[in-house]
Structures are given as C-alpha cells and as structure tokens.
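The values are calculated or read from the model by the stated rules, or taken from the named source; none is laboratory data. This is a predicted model, so every value here is computed, not measured. Note that each Cβ is placed from the backbone with ideal geometry, even for glycine, and that neighbours are counted across all protein chains shown.
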Amino acid sequence: MENAKEIPAEPNRADLEISEDKKNVTPLKLHRQKPFPIVAIGGSAGSFQAYEKFFTHMPADSGIAFVIILHLDANHSGNVAELIQSFSPMPVQQAEDGILVQPNHVYIIPPNKDMGIHNRKLLLFVPTKGLGLRLPIDYFLQSLAEDQWNKAVAIIFSGMGSDGETGVRIIKEKLGMAMVQDPETAQFDSMPKASIGTNLADYVLSPEEMPIKLIQYLNHPALDEEPVEQIKSEIRDTNSIQKILMVLRGHTGHDFSHYKKSTITRRIDRRIAYHQLPDYSHYINFLRENPSEIDVLFTELLIGVTKFFRDSQAFESLKEKLYPILHYKTDTEPVRVWVTACSTGEEAYSIAMILMECFHTIKVKRLPRIQIFATDLDMEAIKIARTGLYKSNIVADVSPERIEQFFSKKGDSYQVKKELREMIVFAHHNIIKDAPFTRLDLLTCRNVMIYLNTDLQKKIIPIFHYSLNPQRILMLGPAETIGGFTDMFAPVDPKWKIFERRENPSNSVKTIDFPFNVAKQTSTNPKEETVTVKKKTLADSFNKFLLDTYTPVSLLVNEKGDILYINGKTGKFLELNSGEAATNVYEMVKEGLKYVLRNAIHQARIQKNTITVNDIKIKEDNHTRLVNIKVSQMNDATFDGLTLIILEDKGMVKTASALKTKKTAKPETNALANELEKELEYTKQQLHSTIEQMETSLEELKSTNEELQSTNEELQSTNEESLTTKEEMQSLNEELMTINTSFQFKTEELTRLNNDMKNLLDSTEISTVFLDNRLMILRFTPTAKALFNVIASDIGRSITDIVFNFDLPDFKAHILQVIETLVSKEVEIRTRKGEWYNLRIMPYRTLDNFINGVVLTFTNITSLKVLQKKVGTMIEYAQSLVNIMSSPALLLNQKQEIITVNQAFKNFFLLEEQHLKGVPFPVVLHEFWKTTKLDKPVKNLPQEKAVMELEHDFPAIGKKHLTITSMPSVNKDTAETLLVMIVIEEKARR
C-alpha cells in the first residue's frame with residue numbers, strides 16, 4: 001500500500017489526450033487540463049433503478065467523471081454500458097486496462113475484474129479471491145482516495161453486505177466526500193446502512209436528489225485548488241481559524257492548535273462547502289448557533305481510518321522483530337503494549353493476534369500476561385472498539401485461519417472472542433496532555449504525527465523513548481519519521497518505520513511534564529543555585545597528571561561527530577570558529593585533518609576495526625606539522641555507537657618551498673610529488689566515502705517527505721532517564737485511570753446483566769439459592785424466604801446455619817453428593833404449611849466450565865400433588881369396580897398402560913397379571929391377542945363411552961366374538977382422559 005500523505009500533489013494535472021472519437025473531444029486548453037473530480041458509484045446488480053434516477057438528473061457538462069463499480073456475476077454476459085447509456089446524457093463505456101479517465105464520461109467495471117486507478121488511469125486486475133470474499137467497491141475506493149485525494153467522491157447505492165464501508169472511511173481520510181442512498185429508497189439496504197454506520201457520510205439522499213448536491217458541493221470556491229486572491233483571503237483567514245479552534249476547544253475540551261494548519265483548513269473548507277457558506281466568518285456564526293456542528297467538525301478532525309492489518313507487510317515485519325523480545329519473556333513478566341490513536345480498535349486487535357501467533361510459534365509452556373492499552377481521543381470510536389463487533393467485510397483483510405481462531409460468527413458480523421478481547425483495555429487518552437504509559441515492550445503510533453506540527457513532534461518522540469523499555473519497539477506510520485532523534489531510536493526496518501529504543505550516553509538528561517511546557521523554567525534567585533564541590537584526593541590528582549602527561553590527545557564522539565569527552569590539549573588539532581559555538585569534531589578540526597579524519601571515521605564504522613593514518617600534514621603559518629591519527633569504533637556495550645579518536649603530534653617539518661632553495665632539488669621534487677600523491681589518494685578515498693554516504697542518505701530520504709525536513713536539524717535534547725517521582729506517578733495514575741475506565745464499562749455491563757438476571761428469576765417465581773463449594777450462600781431470590789429464614793445479611797453464611805421450613809433430614813448430604821458426583825438430583829419436599837416443592841440440586845458451572853458450587857431451585861408442585869391425590873383416589877375406586885365385576889375387565893391410565901385386571905379377565909384369556917401390569921394395551925392386542933383390528937379405535941381412546949366389536953381367532957382360547965366397551969374417566973376442568981375401564985363380553989353365537 002502506498003504511504004499516507006499529508007498534502008496531496010496535484011493529481012489531475014496531466015497533458016490532454018485527444019480521443020480518436022472526435023465527438024468525445026472536450027474543448028479544453030491543450031497545454032494543461034484543469035483538475036476535475038472523479039465520482040465512484042458502488043452498488044449491486046439490482047440497483048439499476050437508482051442509477052437511472054441519478055443519471056437522469058445529472059447534466060451532460062458537469063465537468064465530473066463517473067466510474068461505476070457493480071457487483072456482477074463472473075459469467076455476466078449482458079451489456080451494462082448500453083443499458084446505462086439509454087438514460088445517461090454522457091458517453092458510457094466499459095473500462096479498458098490503462099484507459100485515461102476524462103470528464104463528462106461514465107466508465108463501468110467489466111465482469112470478473114478488480115479495478116484500481118493510478119495517475120487517473122483505470123487499471124484492471126484478475127481477482128485473487130473468490131466471489132463471496134471479493135469487495136470490488138472497497139478496492140477501487142481505496143485506490144481512488146490515494147490517487148485523487150480531495151477530488152475523490154464515493155457514492156454508495158443499494159446492495160447486500162457491507163462492501164464500500166472501508167472505502168468510505170479512506171475517502172474521508174483523504175479529504176474526499178461521501179454520499180449514501182437513503183435506505184428507505186433502496187431495494188437492498190445493507191450496503192447503505194453499513195456506510196451510514198461509519199458516521200462519515202456527508203449526505204444521505206435519494207438518487208434523484210444527489211446530482212444537485214454533488215455539483216453544489218464540488219463547485220464551492222473553498223474547494224478550488226486555485227481560488228482568486230480575494231476569495232482565498234476571505235476563506236482562509238488566520239484569525240478566523242483561531243476563533244474556530246477556540247470555539248472547538250470550549251465545547252470539546254481539546255486544543256487543535258498543535259495540528260498542522262493545512263490539515264485544519266482543509267477539513268474546515270469541506271464543512272463550509274457542505275453548508276454552502278461564503279466564508280469563514282459565516283461559518284463561525286454557524287458554529288456558535290449550531291452546537292451539533294461543533295461535534296461534526298470535531299469528528300472530521302479526528303477521522304481515524306483503520307482496518308485490520310493495514311499495511312500487512314508492516315505487520316509481518318513487526319512480527320519478526322517481536323520474536324527475540326517475546327522469546328525471553330517469563331510467565332511472570334507481562335507483555336505491555338500501547339496502541340495510540342486506536343480508533344475503532346482494528347489495529348489493537350491486530351497487534352493482539354500477532355502476539356498470540358508469536359507465542360504459539362515460540363511454544364511457551366505458559367502464556368505470559370498480555371496488557372494492551374489502546375487509546376484514542378474519540379469516545380464514540382472507543383465504544384465501538386470495546387464491543388469488538390465488526391462487519392463481514394473484514395474477511396478481505398483477515399485470513400480465514402485468523403477468522404476461525406479469533407472470531408465467532410454473529411449474524412452478518414464477526415465478534416472478537418473473549419480471550420482476545422480481555423487482553424486489551426480501551427480508554428480515552430490525549431497523548432498531548434495526558435501522562436504516557438510506561439515500561440512498554442511495543443508502542444505503535446501510526447498515521448498520527450503526520451497531522452501534528454514539527455514542534456509537537458519534537459516533544460512526543462522523547463515521550464515515546466521514555467515510555468519504552470530498552471531495546472524495545474516503536475512502530476510509526478509509513479509516512480512518519482522520528483526526525484532528528486537518531487540517538488534515541490535506531491531503525492530496524494526503515495521502510496515500515498519500525499525503530500528500536502536506543503541507550504546512548506550522549507543522550508542529554510531532561511525532565512518532562514504534562515501537558516507540555518512551552519518554555520523551560522529557570523531559577524532567578526542566586527541563593528537557590530548551589531554548587532557541590534568534590535574534594536580531590538591524592539589519587540585523583542595523580543591519575544589526572546598521568547592522563548595529561550603520558551596519554552595521547554584523544555576524543556570520544558558520537559555518530560554525528562559531537563564531542564562527548566576530551567583528554568589532553570587539543571589546541572594543535574582543533575580550533576574554535578567564529579559564529580555560533582559548536583562541539584562537532586567535523587567543524588572544529590583543522591583544515592589539513594578534516595577530510596582525512598572524516599574518511600577514517602567512516603571506514604572505522606564500516607570495518608568495525610581500527611583505522612590508522614600516518615604523516616598527515618597541517619599547515620601552520622610557514623611551517624608544517626606532522627600528525628598521526630587512530631580511529632576505533634567502540635564495541636563495549638557502555639560505549640555502543642561511539643568512536644574513539646587518538647591524535648599524535650610528530651612535530652614540525654620544513655615546507656616544500658624551503659627545500660627548493662637547496663642545491664639538490666631533485667629529491668625534494670620527488671618528495672613533493674609523493675606528498676601530492678598522498679593527498680590525491682586521501683581525496684579519492686574521501687570522495688568515494690562521500691558518494692557512499694550520499695547514496696545511503698538518498699535511499700533513506702526517498703522513504704518519506706518528512707525525512708527531508710529533519711535532516712538539517714541540530715543536536716536534539718534527548719532522553720529522560722532521570723525523571724522525577726512526579727512524572728512516574730503521573731504515568732502510573734494515567735494507567736490506573738485507563739484501567740478504571742475499562743472497569744467502569746464492565747461494571748455497567750455487569751449491572752445490566754444482574755438486572756436482567758433478577759427480573760428473569762423473579763418472573764419465573766422459582767425460588768433459587770446459589771451456594772459455593774463450602775455451602776456458603778452467594779445469592780438468593782426473594783421467594784426463597786418462604787423456605788428459608790434468610791435475610792440479606794445472611795449472604796456469606798453457611799446454608800446449614802439457616803433454619804429451613806421443610807422436612808428433609810439429610811438436606812446437607814444431598815448437596816454434598818451433587819458436589820462430589822456432579823450429577824443433578826431432584827427431591828420432593830413438604831413444608832410445614834403443607835405445601836409441596838420439587839427441589840432440584842444442580843452443579844454451578846462457570847463460563848470456563850469449572851464447578852464453583854451448586855444451585856438449589858424450588859418449584860411449587862402443590863397443585864400437582866393435589867391432582868395426583870385425586871387421581872390416586874380415582875384409581876383405587878376404579879380398581880375396586882374392576883375387581884367386583886363378573887365380566888373380564890381391565891383398567892388403563894393416560895398412557896394406555898394396564899393398571900390392573902380382574903380375575904375374570906385372567907381366567908378368560910388364560911393370562912397372568914404379572915405379565916400384564918404396566919404393559920400398554922396395544923401390546924396386548926399385538927402380542928397376546930395377535931390382532932391389529934382394533935389399532936385405529938384404540939389409538940385415540942374416545943372421551944366418551946364407546947363400544948367395539950371384535951371377531952377373532954385367539955391363540956389360547958380359539959375363535960371368539962367379543963363386545964369391547966371402553967368407559968373413560970375425564971377431568972372436567974381440562975377435558976383430559978385420566979383413566980379408561982375396558983369391559984369385555986362374549987357375544988352369544990347364533
């Protein structure tokens with residue numbers, strides 16, 4: 001993906017290309033073509049009605065180019081261009097690879113193709129994903145935003161899914177405009193609703209209302225690239241901008257004065273054009289009269305466009321850099337990460353997934369605690385991030401393996417799984433004025449500093465250095481840089497702006513405050529200034545004498561050449577120049593040593609070895625001094641990155657001019673030639689080194705425009721190793737506030753769940769008691785007071801200490817049995833008031849499937865018991881009737897099972913009662929009587945008396961002709977058959 005840019009180049013200034021079709025040539029100036037907007041319209045194949053209404057109301061000479069991105073089937077054979085041409089006043093054609101977009105033309109994506117745009121040329125690609133995973137609208141809108149910036153417009157029509165949502169975000173980030181079809185007018189409202197859900201849509205209109213709003217917006221003078229001076233001065237007035245920022249700060253509490261002016265003005269210009277206001281002064285009045293507009297402007301300034309694994313190669317590079325750090329983490333040492341400007345949370349979850357994958361690759365025995373602090377200014381974005389619920393279009397950025405491992409499907413969306421969500425604390429935080437998080441292993445600040453001015457960037461980078469642990473990782477956006485703070489951070493991946501925190505003795509020590517101080521405060525009272533004088537010992541004096549007398553002159557310099565320490569007298573080799581004082585060895589060294597020394601330092605750093613150069617000549621008036629130098633790169637951890645320079649004076653020699661006066665001139669001439677050759681060799685080496693340095697610098701400068709602005713900056717004040725206790729407490733307090741905010745959110749959610757649970761339990765009217773494994777009361781419902789003499793203060797007491805109002809002597813034993821066996825148990829109990837309850841004892845399982853006690857539920861079954869008693873009495877009465885009958889008879893229950901048979905039945909059919917009791921009557925018919933003739937009448941026994949005739953050859957008693965009479969007993973209240981008495985009589989033969 002291309003690096004983000006703060007101020008776009010003028011993208012549409014291309015030479016005019018004249019088409020072979022003379023009718024399509026637009027009469028413009030031939031030397032330059034004025035930039036024109038490009039509108040991308042996305043929709044499904046079923047949104048042709050919306051296209052018709054839109055283009056019917058769009059004039060033919062609007063000066064706008066249109067690109068239509070349709071969801072077309074791969075095998076689509078119809079000519080969409082001809083269909084749209086039938087109602088479009090502009091020429092319509094199917095896009096071809098490399099075609100240059102022209103104003104007042106309509107271009108349509110071909111079937112089974114992905115399409116992008118670069119330098120106003122449409123480029124076609126073979127799709128890399130299946131039809132169900134492709135998001136062609138998002139794909140084109142992202143490339144359009146990068147190519148056209150504020151000349152890009154996105155319009156989303158009817159369609160299924162959420163394609164276009166991410167594209168709308170990118171378009172808005174690059175100062176473009178977004179329009180969405182009103183869902184009430186859309187045949188399929190999924191795509192419009194998804195784009196509206198971003199809260200970034202400028203207009204939500206019906207298709208026929210869009211053209212006039214589109215033209216009004218794009219033709220507003222505030223958006224003109226080259227406005228006339230009068231309009232330009234009226235629109236962009238500095239005092240007006242300050243007034244807007246003041247109103248914004250008073251309403252939101254956030255100060256945007258540290259943001260780049262170009263960022264502020266371009267966002268404000270868009271709002272002026274949206275409301276069709278003439279200038280800034282009118283917009284200020286509009287802001288004061290409409291507080292809701294202040295919130296909209298605040299949202300515009302905070303547009304945080306993010307997605308999962310944005311710049312996927314950057315995340316893969318980061319993953320490789322994290323392995324060495326995570327490999328040595330113990331299970332008691334937490335992994336701490338700070339994701340600044342997290343927006344809606346995609347980047348924070350991406351980091352969490354990468355960490356989990358790293359630990360899986362490393363195969364740690366026990367996963368360390370992972371703490372990810374994700375912060376942002378936008379509270380609405382934080383709320384979205386906390387839910388962890390994202391549209392299905394994330395499949396374009398998240399691999400199927402990661403979807404399976406870290407997400408669960410929820411309708412048409414994906415929910416982040418609990419184990420990933422619990423790693424992250426989302427909180428409101430301002431990196432400009434709030435204390436930072438500390439002791440970090442990774443800090444990401446992507447696409448934030450490109451919107452901040454240089455002064456603020458210089459204050460934030462040292463804060464990041466302070467927040468990170470040594471040798472830990474800082475990750476910036478592809479268009480961002482650390483500026484001149486190369487002594488604080490070392491690049492580990494310059495392309496994707498991944499840096500490592502550097503420990504360097506050259507770092508100057510200073511303190512930091514929040515919010516940032518504008519000026520450093522100094523003491524004005526001389527009495528407050530104290531000087532500590534250390535008493536010198538004899539050993540100190542002797543050591544100094546040895547160093548000054550017997551050791552050569554030496555210098556310790558850093559990578560920039562700044563002198564950190566000097567030993568000996570350097571007057572013969574260094575000199576102070578007029579002007580601003582400098583301590584850089586390259587500026588102070590005398591002329592004869594300058595090029596040789598620079599080359600030696602460069603070679604020592606490349607070869608990691610000691611470089612020696614002898615007999616270097618330094619001119620002093622009419623004399624020449626010979627000097628030897630040794631340059632060594634320090635490999636000790638204490639002096640990492642530093643260079644030692646040793647200078648040895650070999651005394652004065654006669655000049656070449658003096659030697660020429662002697663008689664024998666030829667040897668001296670040769671000596672002069674040798675000297676010139678030496679100087680030429682040094683010059684060649686220096687030139688070669690300079691070319692190498694220039695090539696290296698050129699490669700680094702190509703990565704970003706910001707790097708060029710920071711190359712000439714002087715030595716920066718650096719790290720904060722000796723920060724005061726106040727600053728530590730500020731950082732810890734900010735961390736606690738962040739965690740507290742997260743806990744408050746969870747507490748509110750828990751309160752809602754408790755309310756839902758209470759209402760659920762109360763509505764069921766089931767008495768419930770929750771116990772832990774020690775039988776201590778955790779919670780109970782109000783209806784439980786009828787069974788236990790409990791009050792609110794009894795929570796935490798053992799259930800065995802509470803008096804209960806029912807008869808169950810081994811109550812405790814039943815509970816312990818369930819805890820030991822984990823098998824639920826049911827017992828019927830009777831209260832002292834004569835009520836009956838069904839007691840059910842079940843194990844209490846947590847979400848992690850751990851047993852953490854038992855749940856007792858008491859269901860009132862008194863009415864059931866009364867019914868059972870009535871049925872029992874009825875059964876006893878029916879049994880007595882059956883037994884005294886002389887004819888064969890039997891009694892059935894509701895399930896048609898035999899309750900009893902009389903003696904006459906047993907004698908007649910030669911059957912024993914033990915073979916019949918509890919057996920369903922249809923079984924008797926099939927197994928004992930061997931007949932199916934009564935299946936239909938017996939299947940649904942009537943609720944009234946019924947008589948059935950059966951003539952059958954019975955296995956045991958032979959052929960019989962029987963009359964079977966069923967007499968049901970029906971419950972008057974429920975009309976339900978409770979008992980059935982069947983009487984059998986043999987019909988006399990004729």
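Scanning the stretch 445-500 for residues that are aromatic (Phe, Trp, Tyr) and part of a loop (DSSP other than H, G, I, E, B), we see that the one that is farthest from SER312 (Cα to Cα) is PHE485. With respect to being assigned to a strand (DSSP E or B), surrounded by 15 or more Cβ atoms within 10 Å (Cβ to Cβ) and under 60 Å from the mean Cα position of the chain (by Cα), THR857 fits the description. Looking only at the stretch 420-441, residues that are touching a strand residue (DSSP E or B) at 6+ places or on another chain (Cβ under 7 Å) and either outside any strand (DSSP E or B) or without any contact (Cβ under 8 Å) to a residue 40 or more places away in the chain (or both) come to 4 in all. For LEU890, the criteria (1) under 45 Å from the mean Cα position of the chain (by Cα); (2) not in a helix (DSSP H, G or I) hold in every case but one, which is (1). Which residue pairs have Cβ atoms closer than 9 Å, lie 6 or more positions apart in sequence or on different chains, and pair a first residue in the stretch 863-880 that is assigned to a helix (DSSP H, G or I) with a second residue that is among the charged types (D, E, K, R)? Note: pairs meeting the criteria are LYS865/GLU828; LYS865/ARG830; LYS865/GLU835.
Any idea which of LYS594, LYS569 is over 24 Å from THR683 (Cβ atoms), among the basic types (Lys, Arg) and at pLDDT below 85? Full working, then the answer.
Values: LYS594 fails: over 24 Å from THR683 (Cβ atoms).
Every option except LYS569 fails the conditions.
Candidates are the residues of the stretch 275-296 that are free of Cβ contacts under 8 Å to residues at least 24 places away in the same chain and outside any helix (DSSP H, G or I); the one that is surrounded by the most Cβ atoms within 10 Å (Cβ to Cβ) is LEU277.
Only one of ASP163, ASP182 is within 20 Å of the chain's Cα centre (by Cα), over 26 Å from ARG266 (Cα atoms) and in the same structural domain as ILE38 (by TED's automatic domain parsing). Can you tell me which? Only one candidate qualifies: ASP163. Being out of contact with any Cys (no Cβ under 7 Å at 6 or more places or on another chain), modelled with pLDDT of 90 or more and within 25 Å of PHE309 (Cβ to Cβ) is a description that applies to PRO491. Step by step: first the residues of the stretch 905-914, then only those that are free of Cβ contacts under 8 Å to residues at least 24 places away in the same chain and loosely packed, with under 13 Cβ neighbours inside 10 Å, then the one that is nearest to ILE884 (Cα to Cα). Which residue is that? Going through the qualifying residues, I end up with ASN907. Screening THR299, THR306, THR332 for residues that are surrounded by fewer than 19 Cβ atoms within 10 Å (Cβ to Cβ) and either within 24 Å of MET449 (Cβ to Cβ) or aromatic (Phe, Trp, Tyr) (or both) leaves exactly one candidate, THR299.
Only a single item in (1) at pLDDT 90 or above; (2) under 18 Å from TYR414 (Cα atoms); (3) outside any helix (DSSP H, G or I) is not met by ALA348, and it is number (3).
Of these, MET191, MET179, which one is touching a Phe, Trp or Tyr at 6+ places or on another chain (Cβ under 6 Å) and either crowded, with 24+ Cβ neighbours inside 10 Å or outside any helix (DSSP H, G or I) (or both)?
On the way: MET191 fails: touching a Phe, Trp or Tyr at 6+ places or on another chain (Cβ under 6 Å).
After applying the criteria, what remains is MET179.
Kindly establish whether THR444 is in contact with a strand residue (DSSP E or B) (Cβ under 7 Å, 6 or more places away or on another chain) and buried (at least 19 other Cβ atoms within 10 Å of the Cβ). Answer is yes for this residue.
Of the residues in the stretch 199-218, at least one is modelled with pLDDT of 80 or more, within 24 Å of MET449 (Cα to Cα) and not charged (D, E, K, R).
Take the stretch 82-101 and flag every residue that is touching a residue at least 60 places away in the same chain (Cβ under 8 Å), of a type in the set (A, V, I, L, M, F, W, C) and part of a loop (DSSP other than H, G, I, E, B). Please lay out each step first, then the result.
Taking the stretch 82-101 first, the residues touching a residue at least 60 places away in the same chain (Cβ under 8 Å) are 91, 100-101.
Filter again for of a type in the set (A, V, I, L, M, F, W, C), leaving 100-101.
Correct list: VAL101 only.
Restrict the check to the stretch 781-793 and report whether at least one residue is of a type in the set (S, T, N, Q) and either under 30 Å from ILE899 (Cβ atoms) or part of a strand (DSSP E or B) (or both). Taking every residue of the stretch 781-793 in turn, none turns out to be of a type in the set (S, T, N, Q) and either under 30 Å from ILE899 (Cβ atoms) or part of a strand (DSSP E or B) (or both). Candidates ASN104, ASN112, ASN79, ASN119: the one that is in contact with a Pro (Cβ under 7 Å, 6 or more places away or on another chain) and either in contact (Cβ under 8 Å) with a residue 40 or more places away in the chain or assigned by TED's automatic domain parsing to the domain that holds TRP149 (or both) is ASN112.
If the condition is being closer than 20 Å to VAL296 by Cβ, of a type in the set (Ser, Thr, Tyr) and part of a loop (DSSP other than H, G, I, E, B), then the stretch 194-214 contributes only THR198.
Here's the yes/no breakdown for (1) farther than 30 Å from SER863 by Cβ; (2) touching a Pro at 6+ places or on another chain (Cβ under 9 Å):
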residue	(1), (2)
LEU881	no, no
ASN893	no, no
THR900	no, no
LEU910	yes, no
LEU925	yes, no
LYS930	yes, yes
PHE954	yes, no
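If you go through the stretch 419-441 and keep only what is surrounded by fewer than 19 Cβ atoms within 10 Å (Cβ to Cβ), at pLDDT 85 or above and within 20 Å of GLY253 (Cα to Cα), you end up with HIS428, ASN430.
Restrict the check to the stretch 692-701 and report whether at least one residue is small (Gly, Ala, Ser) and either surrounded by 12 or more Cβ atoms within 10 Å (Cβ to Cβ) or at pLDDT below 75 (or both). Yes: one or more hits. Restricting the stretch 223-259 to residues that are of a type in the set (Asp, Glu) and part of a helix (DSSP H, G or I), which is modelled with the lowest pLDDT? Only one residue tops the list, namely GLU229. If you go through the stretch 597-630 and keep only what is closer than 25 Å to ASN577 by Cα, within 53 Å of the chain's Cα centre (by Cα) and of a type in the set (A, V, I, L, M), you end up with LEU597, ALA600, ILE601. Restricted to the stretch 818-841, and to residues there that are surrounded by 14 or more Cβ atoms within 10 Å (Cβ to Cβ) and polar (S, T, N, Q), the residue that is nearest to LYS785 (Cα to Cα) is THR831.
Once the stretch 768-799 is narrowed to residues that are touching a Leu at 6+ places or on another chain (Cβ under 6 Å) and hydroxyl-bearing (Ser, Thr, Tyr), the residue that is modelled with the lowest pLDDT is THR781. Considering the stretch 297-319, and only residues there that are assigned to a loop (DSSP other than H, G, I, E, B) and charged (D, E, K, R), the residue that is nearest to the chain's Cα centre (by Cα) turns out to be LYS307.
Rundown of residues vs (1) part of a loop (DSSP other than H, G, I, E, B); (2) in contact with a helix residue (DSSP H, G or I) (Cβ under 7 Å, 6 or more places away or on another chain); (3) not charged (D, E, K, R), yes/no style:
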| site | (1), (2), (3) |
| --- | --- |
| GLU333 | yes, no, no |
| GLN371 | no, no, yes |
| ILE394 | no, no, yes |
| VAL398 | yes, no, yes |
